[in-house]
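Below: the structure, in structure tokens.
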Amino acid sequence: MIYKNQRKHVHSSVWVPLIFLLMGVLLSGMLFFWMEEEHLVLLNSQFESDANNYIESIEREIQVSLDCLESTHSFFLASDFVSRKEFNKFTTPYIKKHQSLQAIEWVPYVRHAERADYIDRARQDGLTGFDFTEREQQGVMASAKERSFYFPVYYLEPFTGNEMALGFDLASNPARLEAINKSIASGQKAASSRIILVQGKGEEHGLLVFKPIFKRE
């Protein structure tokens, strides 16, 4: 009997530590898992906070850009004629204050019969060699092919860093022309799809937002 009891006791003494050991491993695993969960929760919380702050920052910059577009639109409506110098003075403060703005442009509708006149006036403004251009490949521009109409980038600020965009005929690019046509049809703002900027280095992307200024009769 004692022998049997001893065997039971030994058996128990063997299993109990094993159970505690397994429970200890299990508890350690659970504790580690809990700590990992807590860490992940903290990381997720921090990520969400950072992401939300970043999104809010982008939204603010976009709104500022749209406000700038509205102001420039009103500036043109309030004047019978905006000179290149006036355009520069009006837009420069916006450009200096908001780094998200790549450029502010005025893009007139030009019939083919008016092309030479627009080119001559730009050159009289000091833009030697100005022409309506189109992109042959990224970083390579050529004189725009003859079309019934053009949408050239005629006023552009800032010029530095955007030189290649000046004179670029937006009608030569389907994505840009589609956004322009939407804007004209609605009379409201319209944005292009994501595009490769002609003035960008390599595959630099951006988007354009247009708002039409209709000629007063």
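Read-outs: derived from the displayed coordinates by stated rules, not from any lab. Only a predicted model underlies this, so the values are computations on that prediction, with no experimental measurement involved. Cβ placement follows ideal geometry from the backbone for every residue including glycine, while neighbour counts extend to all protein chains displayed.
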If a/c stays under 1.5 just call it rounded; otherwise compare a/b with b/c (prolate if a/b is bigger, oblate if not). Do that for region 81-139, with a ≥ b ≥ c from the square roots of the Cα gyration tensor eigenvalues.
oblate
So between Thr160 and His205, what do we pick up on full extension, going 0.36 nm a residue minus the alpha carbon distance?
14.4 nm
Per residue convex hull volume, Cα atoms of region 72-217, in Å³
122 Å³
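With respect to the cross-link table entries Lys97/Lys189; Lys89/Lys211; Lys97/Lys215; Lys96/Lys211; Lys97/Lys211; Lys85/Lys182, which display a Cα-Cα separation exceeding 24 Å? Let's see the in-between values first.
Details: Lys97/Lys189 22 Å; Lys89/Lys211 20 Å; Lys97/Lys215 30 Å; Lys96/Lys211 22 Å; Lys97/Lys211 22 Å; Lys85/Lys182 29 Å.
From Lys97/Lys189; Lys89/Lys211; Lys97/Lys215; Lys96/Lys211; Lys97/Lys211; Lys85/Lys182, over 24 Å: Lys97/Lys215; Lys85/Lys182.
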Given region 145-212, what whole percent of its Cα pairs are spread farther than 18 Å?
39 percent
Once you have all Cα-Cα distances for region 105-169, histogram them in 10 Å bins from zero and send the whole-percent values.
22, 59, 19, 0
If r is the Cβ-Cβ distance from Ile95 to Gln137 and R0 is 35 Å, what FRET efficiency results, to the nearest 0.05?
0.80
Could you compute the FRET efficiency for Arg147 and Asp67, with r as their C-beta to C-beta distance and R0 at 30 Å, rounded to 0.05?
0.35
